[in-house]
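Each remark here refers to the structure printed beneath this line.
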Amino acid sequence: MEVGLIKIAEDRDFEKLKKLYDDNNDWRLDYNKPDLSVWTKSVQGISFRMIKIRTRFPDVLPETMYDVLHDPDYRKIWDTHVIDTKDIGFFNPNNDLGYYSMACPSPLKNRDFVLQRSWLDTGTEQLIINHSVYHKDYPPKKSFVRATSFLTGYVVRPSRNGEGTELGYVSHIDPHGKLPGWLVNKVTQIFAPKMVKKLHKASVAYLDWKVKNNPNFKPWHFPEQIISPRIRLEDCVKSTEEKNLKNNYVDESNIKESRSKDIEIMDSD
């Protein structure tokens, strides 16, 4: 999916995600534990590597996992990196547009995105993909660095042994700017495993939470429940501020690991 291009996802787009996830050729295995593996892959022209995660949750059903990944209200509870999420609107029942901002380890600058998200439920597996686009009403904010998602996706399947869920995650993001080497290493060695642990805990708790929080509201399953406005393509262009943005580069390479208190907090979760 080309950055900035609004395009209703097709079967080949989801097949691309599945190929990236299932094919380990040209990937480097950086972390390998029982039920959790993390790979990275270099992409020409982009300094930040693509990352791939494969994990299994024996006590979580695929349909629960899929709901957790979709539910925006629950995301704000379990994802402690979320600063703000906004549902901008939808194109059709399986494609929408949203704003997402996330906290980065202090003293790094926080990042934000404008994303088109697409999803497909085949009955045997569920697939979610997103990529960065533009919207004239969501310009870059001064306190954030506007990051780019070339492709971020989830693959949800029944575990191969028949117990629980296999979850795949593939992400190629350019956070823009120059990041310190220690942070890049921590993505695979610490951040990815911590994210998986947090997501597992959230998935186990989701059903009890949902019973008490609008239990029948699942517009990703029931399109008639969609309440967000329909997106106009003419609005999906760079804002005036973004057109005039001369430099989205920030050099954070000199930040020392010892200055990042958030790293210590995340390690102890």
What are the residues in the range 10-67 that are under 17 Å from Phe150 (Cβ atoms) and of a type in the set (Ser, Thr, Tyr), if any?
-> Tyr21, Thr40, Ser42, Ser47
Please enumerate the residues belonging to the range 1-32 that are surrounded by fewer than 16 Cβ atoms within 10 Å (Cβ to Cβ) and of a type in the set (A, V, I, L, M).
-> Val3, Leu5, Ile8, Leu29
Inspect all residues belonging to the range 194-204 and state whether any of them is at pLDDT below 90 and closer than 15 Å to Ile51 by Cα.
-> yes
Given (1) touching a Pro at 6+ places or on another chain (Cβ under 9 Å); (2) modelled with pLDDT under 95; (3) more than 17 Å from Tyr169 (Cβ to Cβ), index of the condition Pro34 fails | (1)
Top-ranked residue in the range 116-150 [being of a type in the set (A, V, I, L, M) and open to solvent by less than 20 Å² (accessible area, probe 1.4 Å); ranked as farthest from Glu241 (Cα to Cα)] = Leu127
Within the set of pairs 6+ apart or on separate chains, which have a first residue in the range 1-25 that is touching a residue at least 12 places away in the same chain (Cβ under 8 Å) and more than 27 Å from Glu234 (Cβ to Cβ), a second that is basic (Lys, Arg) and open to solvent by less than 50 Å² (accessible area, probe 1.4 Å), and C-beta atoms under 8 Å apart?
-> Leu20/Lys52; Tyr21/Lys52; Tyr21/Arg54
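Have a look at Ser203, Ser239 and point out the one that is in contact with a helix residue (DSSP H, G or I) (Cβ under 7 Å, 6 or more places away or on another chain) and either surrounded by 14 or more Cβ atoms within 10 Å (Cβ to Cβ) or within 24 Å of Ser171 (Cα to Cα) (or both).
Matching residue, one of Ser203, Ser239: Ser203.
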Being in contact with a Phe, Trp or Tyr (Cβ under 8 Å, 6 or more places away or on another chain), at pLDDT below 95 and over 28 Å from Val155 (Cβ atoms) narrows Glu252, Glu241, Glu257 down to just Glu257
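The values are calculated or read from the model by the stated rules, or taken from the named source; none is laboratory data. The structure displayed is predicted, hence computed values, not measured ones. Glycine also receives a Cβ, built like all others from the backbone with ideal geometry; neighbour counts cover every protein chain displayed. The protein model used for the area step is the full one, side chains on, heavy atoms only, and it has no ligands, DNA or RNA in it. Shrake-Rupley method; radii C 1.70, N 1.55, O 1.52, S 1.80 Å.
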